[in-house]
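Participant: This is the structure I want to talk about, given as structure tokens.
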Amino acid sequence: MATHLFTLQANWPGGRNSVGEIEAGNLKTTVSIPKEMDGPNVGTNPDEMLLGAAATCYMITLAALLERAGIETEKQALVSEGYVDVTNGVFTYQKIIHKPTIVLMADATDAMRKKAQRLAEKAEETCMISKAIKGNVQLELEATISVAEVI
């Protein structure tokens, strides 16, 4: 069994509306509370970072599953939405909806299109971040699978 260690270093000057800095491997950015939560809105924030982690994990997992299945794509794109509920001043990350768009090559069969749909669903179930937040954050998938036009 292999264990991978990821380390993040953070500096925070203090106070709710301060601006901090984080660094983890190739990630280096400023962080603060977003304007929607009455913060200074400098750099990124935990809500965007959780959405980013979930989206990139899903996107990479999907790409790997399609590749292993021998399904070539002309295009893969993703829009992910994160919903935070605020009730009585309590912030709860409610749900994430992944909306992948997969355009298969022009010669793709209907069977390949169906398999791509199944793999889009499997990627959500097997992504490491999805598994980590499952049970706490609702996860939804709205995949669009199409075949490129013959030119």
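The values are calculated or read from the model by the stated rules, or taken from the named source; none is laboratory data. Just so it is clear, the structure is predicted and the values come from calculations on it, not from any experiment. Backbone-built Cβ (ideal geometry, glycine too); neighbour counts: all protein chains shown. Side chains included, ligands, DNA and RNA excluded: accessible areas come from the protein's heavy atoms. Shrake-Rupley method; radii C 1.70, N 1.55, O 1.52, S 1.80 Å.
Participant: Can you pull out every residue in region 90-102 that is over 13 Å from the mean Cα position of the chain (by Cα) and open to solvent by less than 60 Å² (accessible area, probe 1.4 Å)?
Facilitator: Answer for region 90-102, where residues must be over 13 Å from the mean Cα position of the chain (by Cα) and open to solvent by less than 60 Å² (accessible area, probe 1.4 Å): Y93, T101, I102.
Participant: Going by the conditions given, is M105 in contact with a helix residue (DSSP H, G or I) (Cβ under 9 Å, 6 or more places away or on another chain), open to solvent by 60 Å² or more (accessible area, probe 1.4 Å), at pLDDT 95 or above and more than 19 Å from A54 (Cβ to Cβ)?
Facilitator: Judged against the criteria, M105 is a match.
Here is a yes/no grid of residues against (1) in a strand (DSSP E or B); (2) more than 29 Å from N26 (Cα to Cα):
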| residue | (1), (2) |
| --- | --- |
| D47 | no, no |
| A54 | no, no |
| P100 | yes, no |
| A111 | no, yes |
| R118 | no, yes |
| A123 | no, no |
| N136 | no, no |
| S146 | yes, yes |
| I151 | no, yes |
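Participant: Restricting to region 1-26, name every residue that is touching a residue at least 12 places away in the same chain (Cβ under 8 Å) and open to solvent by less than 100 Å² (accessible area, probe 1.4 Å).
Facilitator: Listed by number, the residues that qualify are T7, L8, A10, N17, S18, V19, G20, I22, E23, A24, G25.
Participant: Kindly check whether there is at least one residue in region 27-37 that is farther than 30 Å from I151 by Cβ, more than 19 Å from the chain's Cα centre (by Cα) and among the hydroxyl-bearing types (S, T, Y).
Facilitator: The answer is yes, given that some residue of region 27-37 is farther than 30 Å from I151 by Cβ, more than 19 Å from the chain's Cα centre (by Cα) and among the hydroxyl-bearing types (S, T, Y).
Participant: Moving on to the next point. Could you tell me which of the residues E74, E81 is surrounded by 13 or more Cβ atoms within 10 Å (Cβ to Cβ), closer than 18 Å to M37 by Cβ and not hydroxyl-bearing (S, T, Y)? Don't jump to the end; show me each part of the working.
Facilitator: Values: E74 fails: closer than 18 Å to M37 by Cβ.
One residue alone meets the criteria, E81.
Participant: If I ask for residues that are open to solvent by 70 Å² or more (accessible area, probe 1.4 Å) and closer than 22 Å to I97 by Cα, which ones from region 36-55 would you list?
Facilitator: E36, P46, E48
Participant: Okay, moving on. If you scan region 18-37, which residues turn out to be at pLDDT 95 or above and farther than 15 Å from M49 by Cα?
Facilitator: S18, V19
Participant: Pick from region 56-71 the residues that are on the phi < 0 side of the Ramachandran plot and in a loop (DSSP other than H, G, I, E, B): which of them is least open to solvent (accessible area, probe 1.4 Å)?
Facilitator: I71
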